[in-house]
1. So, in the range B:139-162, of the ones that are β-branched (V, I, T) and facing chain A (nearest Cβ under 7 Å), which residue ends up nearest to the chain's Cα centre (by Cα)?
2. Counting only residues that are part of a helix (DSSP H, G or I) and facing chain A (nearest Cβ under 7 Å), which one in the range B:238-259 is farthest from B:L156 (Cα to Cα)?
3. Look through A:P49, A:P38, A:P64 and report the one residue that is under 23 Å from B:G157 (Cα atoms) and modelled with pLDDT under 80.
4. Taking the residues in the range A:129-146 that are of a type outside the set (A, V, I, L, M, F, W, C) and exposed (fewer than 14 other Cβ atoms within 10 Å of the Cβ) as candidates, determine which candidate is farthest from the other protein chains (Cβ to nearest Cβ).
5. Being assigned to a helix (DSSP H, G or I), of a type outside the set (S, T, N, Q), within 30 Å of A:A310 (Cα to Cα) and open to solvent by 10 Å² or more (accessible area, probe 1.4 Å), is that true of even one residue in the range B:182-199?
6. Which of the residues belonging to the range B:56-106 are of a type in the set (A, V, I, L, M, F, W, C) and in contact with a strand residue (DSSP E or B) (Cβ under 7 Å, 6 or more places away or on another chain)?
7. B:G123 versus (1) within 10 Å of the chain's Cα centre (by Cα); (2) open to solvent by less than 30 Å² (accessible area, probe 1.4 Å): which is the lone unmet condition?
8. For the condition in contact with a helix residue (DSSP H, G or I) (Cβ under 7 Å, 6 or more places away or on another chain) and in a helix (DSSP H, G or I), what is the one hit in A:G121, A:G79?
Amino acid sequence: MKELSLGELGRRLLHLIVSLFILLCVTFVIGRVMPTDPVGAIVGELADPKAYEAMRVRLGLDLPLYQQFFVYVWGLLHGDMGTAILTGNAVTKDLSQAFPATLELATLAVLISTLVGVPLGLAAGLFRDSAIDKFARVFALVGHSIPVFWFGIVGLVIFYAGLNLVGGPGRVDVFYEGLIEPTTGLMLVDTLLEGETDIFWNALSHIILPACILAYMAMAYITRMTRAFTLEQLNQDYVIAARAKGVGPVRTVISHVLPNIAVQLITVLAISYGNLLEGAVVTEIVFSWPGIGQYMTNALMIGDMNAILAATIIVGFVFMLLNFVADIAYALLDPRTREAAR
Amino acid sequence: MSNIAQDDAIIRPPAIGTRIWNSTSRILHKLADEPLGMMGFIILAILVVVAIFAPLIAPYDPAAQTLSDALQPPSFAHLAGTDEFGRDIFSRLVHGTRITIQTVLSVSVIVGPIGLVIGVVAGFFGGRTDAILMRATDIVLSFPSLILALAFAAALGAGLGTAIVAISLTAWPPIARLARAEALVVRNADYVAAARLYGASPLRILFLYIAPMCIPSVIVRLTLNMAGIILTAASLGFLGLGAQPPLPEWGAMISSGRKFMLDYWWVAVMPGLAILLTSLAFNIAGDTLRDLLDPRHARS
């Protein structure tokens, strides 16, 4: 078990920064090899060459590549990611509106998948080869294999069109649209802050299906890992001693196994969270969810470079940050390393 | 020199073909005790057969439009119904197997050698080479792969070829890591030391003595990755960045069926079932293969 010294922390931080820098380089290169013509997209194909040239200069595309890269990074550091062709707004502004929607969806999904996945994994590990273990295995296998966007469509057909149990696509019903002032941008929080319980329940009925669909994706991984961790602990001497003493299975899990696998679980959850943000991209299309994923896909359709790259950077950054947090949490929370640091 | 070449042949490990054949037959014997794993392999075998003989199996031309038959529900005439142009969905699914298998194989053929070379070079030379290569691998591994594949596919222009390249660009790191771990073990083997004594050059040792030993585990890892590749490819197709219409790519079929999903569910649901079945089969097959080959993972 590695101790989290200051040097180790610095090394990981450096790793994160290098990764981020390379992400910037990659997105920049992608932006330059992109065959769509950003100038043409703004001025139109029939524009006169002078206007075209003027726009090219305005966008800074006449500078040498390394200078363009410098301008690009400089702008990023100042929160300037250019203007989105699609909306005419600054990309930063669009993203600050879209990101909370994705965050809300992914957060609810990670909560659901934890609440179901961890107990299921524990039970599967504890009652190995029983019916519940077999169920968990099949459940996880299907979760690994199912195309999430298709599952969303099936869910909509059954629960919205067929049974009318949940709200349809979008964050709220159309007639509630725009009634809530985005304070945090999280619909469920904002409606409660304003005391609009009707809209809260409506928003909940809209988010619950995409969140469950997305959660299933992560649940497969969480269940599998929890089961593996549990099995590992059950073979430890202290558990065997406890059981020999007559401790029942439920108590074994709650007071012995769970505290010991908590640290590993946190790492798994952080990684799942990152994957969920990514999975949200495809899910959002199906549910017309106005988050980063939908924003990015709309931008892809018209070749809006600024918007695509900015969305890639934001998702990439959060993804890497979560991985970093998972690493640190592991080293920080493990009682063995904590003891060593004292 | 001919003398050395002959000795060289004596100490060389058994040919790849022989070793792959030996391990395959060993696996087949063990597989007989694993009914679920067997199912996975049988489904995969059927899919390959379907892909090869698609024109013979499909009852209709996948591109033939019969507008009078548009959006027919599943029936005996049309096993999976028809789409908005009156095309037989079952026939399109059958032809779509070709695209799926082709994508999976192409990605594996690109990613396998790249990962193998990077991993083996890193593991064999060690030191600074190792540090640089593995850091690069870690960095690509910490990228969100679907998002990056999206950005790549968008940059290179939509199409099946670019989807394959985009997926490959983000899929090699796990292979490289595995090959490195294998190379670290193999480079200390006696026969490698013997080859070195005979004066074999580092490159010769690398490609004739070490790399071949890593190939079987790389192949297993590739099988394990295939389900993920199918899902990513389908996602790209769904987003309009993979194979273009009228090609019967499964993800793209779901995307066009989405418009009618509330009234004509089968148009979007059927291709999804095909994707689910295929990636399920790859996952089961991969899991079984790993259980059989890696005693540490064995469930007992």
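1. Pass one, the range B:139-162, residues β-branched (V, I, T): B:139-140, B:147, B:162.
Restricting the remaining residues to those that are facing chain A (nearest Cβ under 7 Å) gives B:139, B:147.
On the way: B:I139: 22, B:I147: 19 Å.
Result: B:I147.
2. So in the range B:238-259, the residues part of a helix (DSSP H, G or I) come out as B:238, B:250-259.
With the extra rule that they be facing chain A (nearest Cβ under 7 Å), the set shrinks to B:238, B:254, B:258.
Working: B:F238: 17, B:I254: 23, B:R258: 26 Å.
Once the filter is applied, the top-ranked residue is B:R258.
3. On the way: A:P49 fails: under 23 Å from B:G157 (Cα atoms); A:P64 fails: under 23 Å from B:G157 (Cα atoms).
Answer to the selection: A:P38.
4. To start, the set of residues in the range A:129-146 that are of a type outside the set (A, V, I, L, M, F, W, C) comprises A:129-130, A:133-134, A:137, A:143-145.
The next check asks that each one be exposed (fewer than 14 other Cβ atoms within 10 Å of the Cβ); those that pass are A:129-130, A:134.
Details: A:D129: 9, A:S130: 14, A:K134: 10 Å.
Among those that are of a type outside the set (A, V, I, L, M, F, W, C) and exposed (fewer than 14 other Cβ atoms within 10 Å of the Cβ), it is A:S130.
5. Taking the range B:182-199 as the starting set, the residues that turn out to be assigned to a helix (DSSP H, G or I) are B:182-186, B:190-197.
Then drop every residue that is not of a type outside the set (S, T, N, Q), which leaves B:182-186, B:190-197.
Within this subset, residues satisfying the condition of being within 30 Å of A:A310 (Cα to Cα) are none.
For the range B:182-199, residues assigned to a helix (DSSP H, G or I), of a type outside the set (S, T, N, Q), within 30 Å of A:A310 (Cα to Cα) and open to solvent by 10 Å² or more (accessible area, probe 1.4 Å): absent.
6. Step one: list which residues in the range B:56-106 are of a type in the set (A, V, I, L, M, F, W, C), which gives B:56-58, B:63-64, B:67, B:70-71, B:76-77, B:79-80, B:85, B:89-90, B:93-94, B:99, B:101, B:104-105.
Once the filter is applied, which keeps residues that are of a type in the set (A, V, I, L, M, F, W, C) and in contact with a strand residue (DSSP E or B) (Cβ under 7 Å, 6 or more places away or on another chain), the range B:56-106 yields B:A70, B:L71, B:I89.
7. Status for B:G123: all satisfied but (1).
8. Numbers: A:G79 fails: in a helix (DSSP H, G or I).
Going through A:G121, A:G79 in turn, the sole match is A:G121.
The values are calculated or read from the model by the stated rules, or taken from the named source; none is laboratory data. This structure is a prediction, so every number in the text was calculated from the model and none was measured. Cβ atoms come from the backbone with ideal geometry, glycine included; neighbour counts cover every protein chain shown. Surface accessibility is based on the protein's heavy atoms, side chains included, excluding ligands, DNA and RNA. Shrake-Rupley method; radii C 1.70, N 1.55, O 1.52, S 1.80 Å.
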